[in-house]
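Undergrad: Can you read through this structure? Questions will come right after.
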Amino acid sequence: MLLNSKLANVGTSIFTEMTLLAKKTGAINLSQGFPEFETPNYLKQAVIDAIQDGKNQYPPSPGIPELLEEIAFLIDRQYHKKLIGSENITITSGATEALFVALQLVVSKGDEVIIFDPAYDAYEPVVELAGGKCVHIGLDAPTYKVDWDLVVNNINSKTKAIVINSPHNPTGTLLNRDDMLALQKIVLKHQLFVISDEVYEFITFDGEQHESVLRYPKLFERSFVVSSFGKTFHCTGWKMGYCTAPEAFTEEFRKLHQFVTFTSSTPNQYGLIEMLKHQPQYIGELSSFYQEKRDYLVKALSTSKLKILPAKGTYFLLADYSEISDLKDKEFCYWLAEEVGVAAVPLSPFYPKGYADKVIRLCFAKHEETLKMAAEKLCGL
């Protein structure tokens, strides 16, 4: 019996592929985006305490009410946006579930969704599952700025939504206020929806402000904002995220959410309540923590032949290797892992319409010793 694939063009993600290559070759893994350091001890202990206290059964599907309110307090502190947790926020099993549910709600057969390449590889398969089509708009090195006139030129009667990601993975760029106002003008004029992937929202550098959709009331009225505890608290394996949206959107979001994962880990939610309530300073320290990591790697690579592109957020750094090799980026990454001993991520898999730049992504969410060893190998090229 043959099973017709609904995602015939989808294979193993490039993140998984390069991590498997790193394991096979013993290369230092600067490819897949997960932190090398531990989840805060306070949070781990709070989760353990919740388990020991018997908090191990199903929580409410939208999330434990106290956690929803703590997130609402966090949003008010960060973005001066007052929300009601029970009406505007839903806990999800990772940001990926939130993206899936939001896109499934918005997209119907024949709809078009604008995404910006390089784009996180989860967007397009979900749009295709809903019967839609992605319209790709490429961002060019070294600035990776959005051309909003080009966006307007790609809007037609089938256009349903725009997916944005800031701070942006993999380029490390940020959308600024002018970008957000341009987006808002387009969205309101054409009555589009926005799915805003903000999983790195607390990791920005050099005093730059993250321009969340939550700062723009009219834009928020047409948006789903996706966030990640995993990125914030170094616990990507817990798969804990949340989606913030207007009340009417949240109501529909929860209808589908209950049939995807129904709910998310009870003890993890209780641990997050304690962390947000009693360790609020942790989030405020995240940018400086990662900026030190970025600056360390940039300095360590200063004598290499790599040209380091500016990184304003996330925990990724882009590097132009054109002075080292003429290989295409994926071939170069394989050579780098197999012959040099460092695993990186090529950008071409995130450009389905074609990609020619010789730029790779390095993850600096690692201990300094790991970054030092990798930099020494790269400086030897």
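Each value in this text was obtained by applying a stated rule to the coordinates, not by laboratory testing. If you're wondering where the values come from, they're calculated on a predicted model, not measured in any experiment. Every residue, glycine among them, receives a Cβ derived from its backbone with ideal geometry; neighbour counts consider all protein chains shown.
Undergrad: When you count, for each residue, the other Cβ atoms within 10 Å and take the mean per peptide, how do 68-79, 343-354 rank with the highest first?
TA: Packing order, densest peptide first, comes out as 343-354, 68-79.
Undergrad: If you don't mind, there's one more thing I want to ask. Cβ under 12 Å from Lys239's Cβ, Lys239 left aside: what net charge do those residues give with Lys, Arg +1 and Asp, Glu -1?
TA: Here the charged neighbours net out to 0.
Undergrad: Here's another thing I want to ask about it. So what are the ³J(HN,Hα) numbers for segment 285-295, from phi and the Karplus equation (6.51, -1.76, 1.60; θ = phi - 60°), rounded to whole Hz, Gly and Pro as x?
TA: Here the 3J(HN,Hα) series is 8, 5, 4, 5, 4, 6, 5, 4, 5, 4, 5 Hz.
Undergrad: Ranking request for peptides 217-229, 282-294: highest mean number of other beta-carbon atoms within 10 Å first, then the rest in descending order.
TA: Descending packing order for the listed peptides: 217-229, 282-294.
Undergrad: Based on the alpha-carbon gyration tensor of segment 328-372 and its eigenvalue square roots a ≥ b ≥ c, which shape applies: rounded if a/c is under 1.5, prolate if not and a/b is larger than b/c, or oblate?
TA: Values: a/c = 3.46, a/b = 1.75, b/c = 1.98.
In terms of gyration-tensor shape, oblate.
Undergrad: In the neighborhood of Leu192, defined by Cβ-to-Cβ distances under 9 Å, what is the net charge if each Lys or Arg adds +1 and each Asp or Glu adds -1?
TA: Net charge around Leu192: +3.
Undergrad: Can you give the net charge of the other residues whose Cβ lies under 11 Å from the Cβ of Ala365, counting K and R as +1 and D and E as -1?
TA: After counting each charged neighbour, the total is +3.
Undergrad: Around Glu36, which amide H atoms from residues at least 5 apart in sequence, or from another chain, sit under 5 Å from its own amide H, with H modelled in the peptide plane?
TA: So Glu36 has HN proximity to Lys366, His367.
Undergrad: Now a separate question. Quick one: grab the alpha carbon gyration tensor of segment 1-134, order the square roots of its eigenvalues as a ≥ b ≥ c, and give me rounded if a/c is under 1.5, else prolate or oblate depending on whether a/b is larger than b/c.
TA: oblate
Undergrad: In whole Å, what is the distance between the alpha-carbon centres of segment 357-374 and segment 1-71?
TA: Between the Cα centres of segment 357-374 and segment 1-71 lies a distance of 21 Å.
Undergrad: Separation of segment 142-188 and segment 298-318 by C-alpha centroid, Å?
TA: 25
Undergrad: Excluding residues on the same chain fewer than 8 positions from Lys372, give the lysines whose Cα lies under 24 Å from its Cα.
TA: Correct list for Lys372: Lys23, Lys24, Lys231, Lys293, Lys299, Lys305, Lys307, Lys312, Lys330, Lys358.
Undergrad: Work out, step by step, the length gained on full extension between Phe259 and Leu129: first 0.36 nm times the residue separation, then minus their alpha carbon distance; give nm to one decimal.
TA: Working it through step by step, the gained length comes to 45.2 nm.
Undergrad: Express as a percent, rounded to the nearest 5, the fraction of DSSP beta bridges in the chain (both residues included) that run antiparallel.
TA: Once the DSSP bridges in the chain are tallied, antiparallel ones form about 45 percent.
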